[in-house]
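Quick notes on the structure that follows.
The values are calculated or read from the model by the stated rules, or taken from the named source; none is laboratory data. Just so you know, these numbers come straight off a predicted model, no measurement behind them. All Cβ positions, glycine included, derive from the backbone under ideal geometry; neighbour counts span all protein chains shown.
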């Protein structure tokens, strides 16, 4: 039986990175795409709780069905699995995102929200991101690496609840040095909003900010990407800080 | 100098749980509230990236300023710190949420999105949730526990990047057995959407689902809550599964 691969992203159903990913992996199985109608960058793990979701069929051909949905990337994964896949997908892919989801970006990312949701629901899942925000970014160097990772995960699976966050430096193929499996760099975004005044004299605030990373570890995704490597972070959905359970226990029980 | 406490939530600025939390902690410091204009349950760690934010002043009296914002709970924390707090808050609180944020709910929760965002930005932060979804839920049993936790965290702080996810069973005060510091239960939501047909004959899908928890550990938040305890989970914002870095390294490097 051919593999069934569910693909989503957060840059919308019309994004170039999504099309590149679909083309790269069609040889590995039947594809169902459920993506967002609109850009959903920064939607994180958000769910649509208080309004109905609608689904539009975009394309239907042998081995490829494409749908667009008015919800978030997490909604896309849940809804596609529930109603648009004939069985549980063998693999869920998200991306290729236009822009980095390394380090703390993973927590804000709709691309990775979808991946983590798939892993919570017992599916193998991988998110791909290229460090280039342009709408017409050149994804060609990504393709051999995407194929290698997808074929490996289809063959061997992933441990329970573990998904992969793959970030790819914006370099030509022959400048990419290889792959590093890493931890997330500790970082944050500073100076986060600009205050402006609208034509009616009223204030508004617009998200901006600078990425601040003081984590110099050579075992991190930022180090790998800065040094010409693709970073893979094994990602899990549990926020518990096990290392602090005992300390906090002493204070509160 | 009096402490400065920033308070937010995801049930909106008019929610009863927010009012209860403000009243419970006013004695500990000056309060700035920045909450969402509308219900933002399920907004997770979402950010507003592609539209401007507006802020409305709701109330301004000695020791208490209340604002409402058209963004997400994460936006509320970032924007309040940037423009509406005279200095970095000593403590960020979120809640009291109408409904559980235990176990996997933490990843979908706007209440906890705000808390984790505060911790990423170097602030001590605590989220409170009561296991009762009613708009007029009785929060009275929560108040002594909220006061105790808030005064402890104001006095002693929290470890870097660690926040607290506090869930309170829906019981009268004298039935609450105490506090347990726990890990998140492993769980997921199954059967996640209902398909319906609108009056025009078109399909729509609405979020629903059943909470499935097969994790029977007595060190979990679900065990604590099921057995009459308040659960506190020390929470951190890093998704890396350190335990799998070596295994994945063998496969991909």
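Remarks
- Close pairs (9 angstrom Cβ cut-off, 6 or more residues apart or separate chains): within 12 Å of chain A (Cβ to nearest Cβ) in the range B:137-152, surrounded by fewer than 20 Cβ atoms within 10 Å (Cβ to Cβ) and not in a helix (DSSP H, G or I) anywhere: B:145/B:176
- Members of the range A:231-246 that are within 24 Å of the chain's Cα centre (by Cα) and at the interface with another protein chain (Cβ under 9 Å from one of its Cβ atoms): A:232, A:233, A:234, A:235, A:236, A:237, A:238, A:239, A:240, A:241
- Of the residues screened, residue B:186 is not one that is modelled with pLDDT of 95 or more, more than 9 Å from chain A (Cβ to nearest Cβ) and surrounded by 12 or more Cβ atoms within 10 Å (Cβ to Cβ).
- Here is the figure for the range B:194-253: residues that are without any contact (Cβ under 8 Å) to a residue 40 or more places away in the chain, in contact with a strand residue (DSSP E or B) (Cβ under 7 Å, 6 or more places away or on another chain) and assigned to a helix (DSSP H, G or I) total 6.
- Among residues of the range B:107-123 that are free of Cβ contacts under 8 Å to residues at least 24 places away in the same chain and facing another protein chain (nearest Cβ under 7 Å), none has a beta-carbon under 8 Å from a residue that is assigned to a helix (DSSP H, G or I) and surrounded by fewer than 24 Cβ atoms within 10 Å (Cβ to Cβ) at least six positions away or on a different chain.
- Restricting attention to the range B:162-175 and to residues that are more than 8 Å from chain A (Cβ to nearest Cβ) and surrounded by fewer than 21 Cβ atoms within 10 Å (Cβ to Cβ), the residue that is nearest to residue B:238 (Cα to Cα) turns out to be B:170.
- Checking residue B:199 against (1) buried (at least 19 other Cβ atoms within 10 Å of the Cβ); (2) closer than 27 Å to residue A:81 by Cα, the condition it does not meet: (1)
- When residues in the range A:66-91 are screened for being more than 22 Å from residue B:42 (Cα to Cα) and either crowded, with 17+ Cβ neighbours inside 10 Å or more than 14 Å from chain B (Cβ to nearest Cβ) (or both), 9 of them pass.
- Residue match in the range B:136-148 (condition: in a loop (DSSP other than H, G, I, E, B) and under 9 Å from the mean Cα position of the chain (by Cα)): no
- Residue within the range A:177-189 that is free of Cβ contacts under 8 Å to residues at least 24 places away in the same chain and outside any strand (DSSP E or B) present: no
Okay, residues lined up against (1) over 26 Å from residue B:234 (Cα atoms); (2) in contact (Cβ under 8 Å) with a residue 40 or more places away in the chain:
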site	(1), (2)
B:21	no, yes
B:25	no, yes
B:33	no, no
B:42	no, yes
B:58	yes, yes
B:69	yes, no
B:75	no, no
B:79	no, yes
B:103	no, yes
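- Among residues of the range B:124-136, those that are away from every other protein chain (no Cβ under 12 Å), under 14 Å from residue B:17 (Cα atoms) and touching a helix residue (DSSP H, G or I) at 6+ places or on another chain (Cβ under 7 Å), counted: 6
- Some residue of the range A:2-22 being within 18 Å of residue A:155 (Cβ to Cβ) and assigned to a loop (DSSP other than H, G, I, E, B): yes
- Test set (1) touching a helix residue (DSSP H, G or I) at 6+ places or on another chain (Cβ under 9 Å); (2) within 26 Å of residue A:210 (Cβ to Cβ); (3) within 14 Å of another protein chain (Cβ to nearest Cβ) - residue A:96 fails condition number: (3)
- Screening residue B:205 on (1) under 30 Å from residue A:253 (Cβ atoms); (2) within 11 Å of chain A (Cβ to nearest Cβ); (3) modelled with pLDDT of 95 or more shows it passes everything except condition (1).
- Within the range A:42-65, considering residues that are at positive phi and at the interface with chain B (Cβ under 7 Å from one of its Cβ atoms), the one surrounded by the fewest Cβ atoms within 10 Å (Cβ to Cβ): A:42
- Per the listing A:38, A:21, the residue uniquely surrounded by 23 or more Cβ atoms within 10 Å (Cβ to Cβ) and under 18 Å from the mean Cα position of the chain (by Cα) is A:21.
- Unique match (being in contact with a helix residue (DSSP H, G or I) (Cβ under 8 Å, 6 or more places away or on another chain) and either surrounded by fewer than 17 Cβ atoms within 10 Å (Cβ to Cβ) or within 9 Å of chain B (Cβ to nearest Cβ) (or both)) among A:178, A:217: A:217
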